[in-house]
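Following: one structure in structure tokens, then a few remarks.
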Amino acid sequence: MVPKIRRGSRTHGVLVYLFGPGKRDEHTDPHLVGSWDGFAPDPGRDTSPDPDPRATLARLAAALDLRVKQAGTRAPAQHVWHCSVRTDPGDRTLSDAEWSTVARRLVQAVGLAPDGDPDGCRWVAVRHAEDHIHIVATMVRGDLRRPRMNYDYRKAQAECRRIEKEWGLRRLKPGDGTAAKNPTSAERFKAERVGRSETPRETLREAVRQALAGAADEAEFFTRLRDKGLRVKLREAPSGDSIGYSVALPGDRNRDGTPIWFPGSTLAPDLSLPKIRLRLADPPGDDPTAPEVGTGRTAWPPTAQGRRTATGIAERAAVVLDGGDDEAATQLVGMGELLDAVAQTSPAATRAELAAAARSFERATRSHIRAENADARAMRSAARGIIQAGGALGRGEDGGATAMLLSTLVLAAITAARWHSARGHAQQAAASRQTAQHLRAAYQQAAASPMQALHAHGRALPEGQRRGYEITIRAALPHDLPRTDSEAQHDALAATLAQAEQAGHDPDALLQQAVDMRELDSAENVNDVLVWRLRRLADLPAHPGPISPLPKAGTGRTAPPARRPGVHRAPPSAPRPDTPDSRNRPPRR
């Protein structure tokens, strides 16, 4: 049940609309279902001998405005309180009597007409559709004082949540006042009329978010907005300093032919210029796509390197969120920037799902929790590196690195949902879960080619070698995870371990490190998660390419490799105490 509150100054005008046909003849059988005294004239069902709906409507407006006229100049200029209340499409149809109860409970809850107060404000409830009503009240009491209307929207929301619980209706997520403003009905109708799939408000909100992702400073942010083709207008103080900004879509004009401007603060609470400046106060660090000097790490193509670097940063963000600290709120903001960066540089096959993921997670980035000392530079640097590297191809190393990143972002989104749930942020938790669903869909598309190649590599391994890796895998996986009887499920994991060993890593120790990085219970496919962790830890190609002798990851080593210092393994023929069937394990090749 969703309440939507507006204020105005024309009681008669609101009633004309409510009892009229609607903008598209959508109003059917408009009539009163409740009023302040139960005897208000009903223009929709006037039973007088010679009914005149216009005259009845004028009498109703005059009755509602009686106290307003008596108060004279003491009455508020915006004296009309207008609240529409709509049920969910899956809810049952409420009767007129039930809608009357809803209206009465809401005007009591917000303080317009407290129960038992003879001086409460005058109000009526109009029904002209099966799924909603409109409550119209005038905000002058019988004693000619104004009602106390503090936090009326929150109070109406809370009362709707109670009604949903008591009446068995769909229970919506309670809000906390940090959501972005929804488009108005006029904006939606106009978008439909001109053939837009979304309103200008929604288009601009996404464009501003994307321009902010990884921006180094305010000048770069505004340059990006203009590069996207948006109209930008700065608001300046007498000193010449910018104190605000507005954006408009080219061609979006009002009836007077002037552009329709949206200030940043009306697009979303965190897109005002002061909030943007706070975020830009943590400038991104050095180029995260460059390999570290002296580490021997492979220099991957820029787009792939940016995604591989972002994978590690997203993994660390998930660990911080798992810790449950309020400082993790900054990680959510950074993750939102990272999703915006990936969405606008992704290949066509995954672009729609990633754009939907970024839109969903936008809600999860805002709450009343403020991180005071957290550092967001790593996440912002990852987003900047992805933007600077440009669009990624959907194949080869770019495609594999994208799959690697998306696999980690799915787990990060699930962790964000847990973090929000622990704090009672129902809407943000739901948005995080929705983000995870979109990311999973995008991952399935991005991972199809590299995982197919990895499975082919695994099946091409000599039988004895593959059996040995299977034993290693089964020994390393936690015993409480769901097991599969099909060794084919581990083909990609076995191929990755073989390539890691050829590159000079101990496969047992490396796999255990990947397993221990963080929990695997939330993973939809544990094998895929471990494959990408291993390939990142061992600096292996994200896409192995066609079947051929397993490539060496730029180390120049040849098999069999020397063991790393400090890593001790029993000889292949010696039994391992934690692996009962290890005596049957053939030697590695």
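The values are calculated or read from the model by the stated rules, or taken from the named source; none is laboratory data. Remember, it's a predicted structure, so these values are computed and weren't measured experimentally. Cβ coordinates were reconstructed from backbone atoms using ideal geometry, including for glycine residues, and neighbour counts include every protein chain displayed. To get the accessible areas, we keep the full protein, side chains included, count just its heavy atoms, and leave off ligands, DNA and RNA. Shrake-Rupley method; radii C 1.70, N 1.55, O 1.52, S 1.80 Å.
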Protein-only accessible surface order, largest first, of 362, 98 at 1.4 Å: 98, 362
Residue-span extension gain [residue 171 to residue 185] - 0.36 nm each, minus C-alpha spacing: 2.7 nm
Cross-link partners of residue 155 among lysines (Cα-Cα below 24 Å; sequence separation of 8 or more within a chain): 4, 165, 173, 181
Unit charges at the beta carbon, dipole of the chain: most positive-side option, 31, 118, 258: 258
Residue-level accessible surface for residue 340, protein heavy atoms, 1.4 Å, Å²: 10
Solvent-accessible surface (1.4 angstrom probe) belonging to residue 233, in square angstrom, nearest 10: 90
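Output the Kirkwood hydrodynamic radius of region 67-164, Cα pairs only, in Å rounded to one decimal.
On the way: mean 1/r = 0.0710 Å⁻¹.
In region 67-164 this quantity evaluates to 14.1 Å.
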Efficiency of FRET from Cβ geometry, residue 266 and residue 423, R₀ 22 Å, rounded to 0.05: 0.25
Label selected from (1) 118, 58, 46; (2) 63, 62, 44; (3) 103, 58, 42, the criterion being Cα extents along the principal axes in Å as computed here: (3)
Residue among 426, 454, 390 farthest towards the positive dipole end of region 376-463, charges placed on Cβ: 426
Point-to-point label distance, residue 39-residue 327, nm (Cα→Cβ direction, 7 Å offset): 6.8
Inter-probe distance in nm under a simple model that places probes 7 Å from Cα toward Cβ, at residue 316 and residue 275: 2.7
In Å², nearest 10: area of residue 420 left accessible to a 1.4 Å probe: 0
Heavy-atom accessible area ranking, 1.4 Å probe, most first, across 26, 130, 519: 130, 26, 519
Percent breakdown of C-alpha pair distances by 5 Å bin, ordered from the shortest bin, for region 132-256: 2, 7, 11, 13, 13, 13, 13, 12, 9, 5, 2, 0
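For 194, 247, give me the order by solvent-accessible area with a 1.4 Å probe, most accessible first, ignoring ligands, DNA and RNA.
194, 247
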Distance from region 122-200 to region 338-393 (C-alpha centre basis), Å: 32
Amide N of region 74-104 lying under 15 Å from the label point, which is placed 7 angstrom from the Cα of residue 9 along Cα→Cβ: 74-81
Cβ-Cβ FRET estimate between residue 193 and residue 235, R0 fixed at 45 Å, reported to 0.05: 0.90
Gain on full stretching of the segment that runs from residue 226 to residue 143 - 0.36 nm per residue minus C-alpha separation: 24.4 nm
Dipole of the chain, positive end: most advanced residue of 109, 73, 53 [Cβ charges, Cα centre]: 73
